[in-house]
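The values are calculated or read from the model by the stated rules, or taken from the named source; none is laboratory data. From a predicted model like this one, the values you see are computed outputs, not experimental measurements. Ideal geometry is used to build each Cβ from the backbone, glycine not excepted, and the neighbour counts take in all protein chains shown.
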Amino acid sequence: MPHKVGIVATGQTKHTAKRTDINLRELITEAVTRALDDAGLRMSDIDAVMLGNMEPFEGFMLPELWSVEGWGGLGKPAMKFNTGGTVGTSTAIAAYYFVASGIYDTILAVGFEKQSEGHTQTAITTVGDPLWERTMMAGAIGNFAVMASTYVHESGVTEEHAAKIAVKSRRNACNNEYAHLQMPNLTVEEVLASPYLAYPVRRLDFCPQSDGACAMVLATESKAKKLAPQPAWIKAVATAHEQQYMGDSPRRLADMRSQRAASQRVYKACGISDPVRDLDVAEIYEVATYAELAMYENLGFCAPGQSGKLIDQGVTTMSGQLPVNPSGGVLATNCIGATAMIRVAEAALQIMGKAGKRQVPGANLALATGYGGNAWTDALILGRE
Amino acid sequence: MSEKTKNPAAGKKAEGLRVPWLLSVEYEYAAGHFATRFFQELRDNGRIWGVRCPGCQRVYIPPRPVCGICAGKTGEWVEVGDEGVIVGCTVVNVPFIDPMTGEQRPIPYGFAIIRLDGASTALYHFLEETDPKKLGVGKRVKAVFRPERKGTLLDIKHFRLLD
Amino acid sequence: MSESHWIVKQKIEIPFHYTPGPALLRFLEGLRDGKLFASGVRGESRKTVPPLSFCGRSWKPADDWAELPGTGTLESFAVVPHGMAELPQEGERIVFGLVKLDGADTCLAHLIHTKEPGKLKVGTKVRLRWRAERSPGIQAIAGFDLL
Amino acid sequence: MDGEVTLPAPGQVAILGAVQTRYEAGKPHQTYNELVHEVVDQLLTETGVALKEIQSIVSASQDFFDGRTISGMAINEVAGGYLNSESKVAGDGIQALIYGAARILAGAYDLTLVVAHCKESEGQFHQITSTMFDPYVERPLGLDEHIAAALQARRFLGVSGAAEADLAAVSRKNHRHAMKNPLARRSGDFSIEEILASAEIVSPLRDLLAGPITDGACAILLGSPERARASRRPVSWIAGMGSSTDAYWTGRDLAASAALAQAAERAFAAAGIRKPLDDLRVVELSARYAHEELLYLDALGLGNGAAAKARLATGDFDLGGKLPVNPSGGALTGNPTCVAGLARVAEIHLQLTAAAGQHQVKDARTGLAHGASGICGQSQTVVVLRGDAPQRT
């Protein structure tokens, strides 16, 4: 039987478009220091470190080894992951398994990215297969737009529905001191007036490019209880990958097979039959407004074709039945290597009751997802017990 | 955030200097068994082939050794059409540096996922049309071949809307 | 190229611009001014060069600065027999050295200037040679000469 | 480390099978996807497991060598990853193995496929490895992995008292061993003189003192004790695992490896190894460069107080000696980045299951596999393996 694992502390940088005041190593230190301080731990209390990041975005092979002094890694077992957008959740899940296995008691997990130093859209284009996809690929935005077009065609969601998601996220972000895009006065009209980056995706439909890092401390049951008054217990984890080429999934965004599979697995493990009723909050990895709408369906928040209705009714707003992305989500902050871990950290803050102005009162059960690569999905459920 | 958690390095005057580095690597990618056969057919005969999974009968383009869904090896090669249907499409307006040229890719350009007749999966390719209003999911398209074919996916110049 | 094994040539080219952060900025700008800065934690003797802004050992800010004299010890050296794209010095064998600068506890990698690389020894004393024209960056240092 | 680190007791994670490709200068007929397919397919055939049964995969590769961002995408289907849990370690495959073991120890999966691949021939070693270096003060000078390794070699020679001929002796031993390994990339009965006369890469490194550019892949199937009991083939067991990370290369003395000493201490404690020289019967080291083998042997305590070169001279580390080191020929004879460490585990598994063929070490019951990554081996991992229980009698 796996050991029980709790998240006891989190630390984030203030995410912005360009952290030109510090380098990558110092960015990592900022998040790690905050996570350790949050738990009242010293680096010497940490058994091992799990890191996540994508080398071509940094132009750096093994950036974690260059920056070892920035995450206190001297003498520590450490491992680095690279799974694209899911890397933050993949890293958290690896940390979970290492604690659950009994190998380590206390693990530091870190995700980091300085998008401003390279050309992420260019590096993302090299995600494509060199023979089959790269010549045509258009970074994350073009790729995402072709998927969104399918979803718009099939689901009947409107530009207004998408704009409402954009407004919800950027307004929620105002309650999050770490969020990159905070737009308290953003309106649906402004979103609809922003130019198309790639039809049907407008500038304000898409996530920003951010510099940022996120760190978390995970510990065994006995340690977690000592380190935090209310740890965020990891109740279930799941990963599901797509096939290998971008055109393999017949209706990629409209029917994300990986997301359905991963979420159903964690729901089943936790006895969740109606996620909107049973979950208290969700932090999901939505790179664009249309993705959030599609994910409502894929994650079982609504029936197919009903996602527009869900946002119209305000179900996923802060005052709704299932607030989605109180932090502002990826639409407010996307430092890719850290982004999925931020979902987990934000879900943990909700469970720990430490989410401040963005706290969902009495949050007892939270979903966090990661999304990346060729429609890969990670899903975690965190809970108070 | 408290004084204690403030990054000692943060916020101090460090603006201005940024150290440049050009990542520049030349690769010689093996095309491998499946792509070599596909591109040979494309170049020599202007024909498009996929592989069929003997389990679920899906026809895969790009061709590949394993059907992930059946977790079994793929089987016979089958020819598919040069016409197909748009599964997803867009017109890209966002400028970015093409990693293969180091220069900005010309915009706008039409870009789609296209399922060719007889195939189960879809391919990325360019569209001739760049007006989003004229494009649409479900519309039929046909491959426009270049007069001289070299054995790459760009032997198809782009896809043209039918009707 | 055999017909049965196709090879596809492609180049990946992406420009990067790295932010140095406060400690490295001070170091790189110091080089422009002909000064060599190291950093450490106040109350600790260890000094790193290039400087860190944060000590990964004691987990404390490293904001105690020292200026180094520019002399040091050759911890190691390696001789490149061929020319390198980054250093087009035709006809000369390029010698890289790891130098532990006096006053520092870490090494700086740079070029060693010697006509007789065969006579180099681990432990040899060296002195930094500045370039006449300097901008902020490691190229402000021409390399090290044997003492 | 203040925290108590509980490591797995013997017998909790088994290696059910291990397969490597032939290591070659280039494999122009295969994509890396097809390379992984080759090893996975053979591994599943040998172990009698269907691809459909694989729900957990940990891969190891490097985007820059693959020439593709998030390059793990391409191996998803051939590794059984569709709708399943695949994760990619961007480091040596031996770390992927440790993660795979954790998944089994956590009770999450009873099978985990671990696979590492690299085609060093497709990119350019200098350009790719230069991206490991500090972009502010090192990349502008043109440093790469070979130059750093040469600096480490010279430092080691200067501090340890070993001579270049001692490095050549390591090379001679390993290339002779490789003659008995049909998968080896480079082998031969080279004389010390030949080795020291081989082409200079970066002095003191020479062609025969450094692992050549190589393509290859390795796949290992990990299983729970239940799976091991059901196996129709002999299995080996993970007895202890340990990892550690050193300072960046310019922040430490390159003549020693503190991280390896720590990694070994952790793995030995878990495996109950007190006198490694007596308790181990076979060792496979990830030493791409000849000097690394001597340096690592010292860090592992296998120099036994004296420099490892003395034991080398007496033949202790030869196949047939007291403690054969790299009977496969090792990474010096050609194993690519990311694959080298996992290949060491595969080789020890072959030894412990008496399947190593011509390079079999007699009565091998306990073996050590080692992996390293980063500049001058900044990240170090040790895995101790034991043969199946029946072998002990």
A:Asn298 at pLDDT 95 or above, under 12 Å from the mean Cα position of the chain (by Cα) and in the same structural domain as A:Glu177 (by TED's automatic domain parsing): no
Condition met for D:Ala101 (within 17 Å of D:Ala217 (Cβ to Cβ), facing another protein chain (nearest Cβ under 9 Å), crowded, with 24+ Cβ neighbours inside 10 Å and modelled with pLDDT of 95 or more): no
All positions within segment A:250-268 that are under 17 Å from A:Asp378 (Cα atoms), out of contact with any helix residue (DSSP H, G or I) (no Cβ under 6 Å at 6 or more places or on another chain) and surrounded by fewer than 24 Cβ atoms within 10 Å (Cβ to Cβ): A:Asp255, A:Arg257, A:Ala261, A:Gln264, A:Arg265, A:Val266, A:Tyr267, A:Lys268
Qualifying helices (runs of 4 or more DSSP H) (wholly inside segment A:269-385; at least 3 residues being in contact with a helix residue (DSSP H, G or I) (Cβ under 7 Å, 6 or more places away or on another chain) and under 19 Å from A:His161 (Cα atoms)): A:289-298, A:307-312, A:329-332
Test: A:Ile234 is in contact with a strand residue (DSSP E or B) (Cβ under 6 Å, 6 or more places away or on another chain) and among the β-branched types (Val, Ile, Thr): yes
Segment A:74-95 residues that are more than 7 Å from every other protein chain (Cβ to nearest Cβ), paired with ones that are surrounded by fewer than 24 Cβ atoms within 10 Å (Cβ to Cβ) (beta carbon under 7 Å, 6 or more apart): none
Enumeration of residues in segment B:119-163 that are assigned to a loop (DSSP other than H, G, I, E, B), away from chain A (no Cβ under 13 Å) and under 19 Å from B:Gly88 (Cβ atoms): B:Glu128, B:Leu162
All positions within segment A:14-52 that are polar (S, T, N, Q) and more than 8 Å from every other protein chain (Cβ to nearest Cβ): A:Thr16
Search result, residues across segment A:162-190 that are in contact with an Asp or Glu (Cβ under 7 Å, 6 or more places away or on another chain) and crowded, with 22+ Cβ neighbours inside 10 Å: A:Ala162, A:Ile165, A:Ala166
Failed condition for B:Tyr27, given (1) more than 9 Å from every other protein chain (Cβ to nearest Cβ); (2) at pLDDT 95 or above: (1)
Subset of segment A:276-318 [on the phi > 0 side of the Ramachandran plot and either touching a residue at least 60 places away in the same chain (Cβ under 8 Å) or polar (S, T, N, Q) (or both)]: A:Gly305
Residue match in segment A:220-228 (condition: of a type in the set (A, V, I, L, M, F, W, C) and either free of Cβ contacts under 8 Å to residues at least 60 places away in the same chain or assigned to a strand (DSSP E or B) (or both)): no
Any chance D:Leu151 is assigned to a strand (DSSP E or B) and of a type outside the set (Ser, Thr, Tyr): no
Flag for B:Pro99 being away from chain A (no Cβ under 11 Å) and in a loop (DSSP other than H, G, I, E, B): no
Neighbours by Cβ (under 9 Å, 6+ apart or cross-chain): first from segment A:184-197, in contact (Cβ under 8 Å) with a residue 40 or more places away in the chain; second of a type in the set (Phe, Trp, Tyr): A:Leu197/A:Phe206
Residue that is surrounded by the fewest Cβ atoms within 10 Å (Cβ to Cβ), among those in segment A:98-121 that are more than 16 Å from A:Leu27 (Cα to Cα), touching a Phe, Trp or Tyr at 6+ places or on another chain (Cβ under 7 Å) and within 11 Å of chain D (Cβ to nearest Cβ): A:Thr120
Listing of helices (runs of 4 or more DSSP H) fully contained in segment A:19-136 that carry 2 or more residues being of a type in the set (D, E, K, R): A:24-39, A:55-58
Residues satisfying the stated conditions in segment B:102-118, i.e. in a loop (DSSP other than H, G, I, E, B), more than 8 Å from every other protein chain (Cβ to nearest Cβ) and at negative phi: B:Glu103, B:Pro106, B:Ile107, B:Pro108, B:Asp117
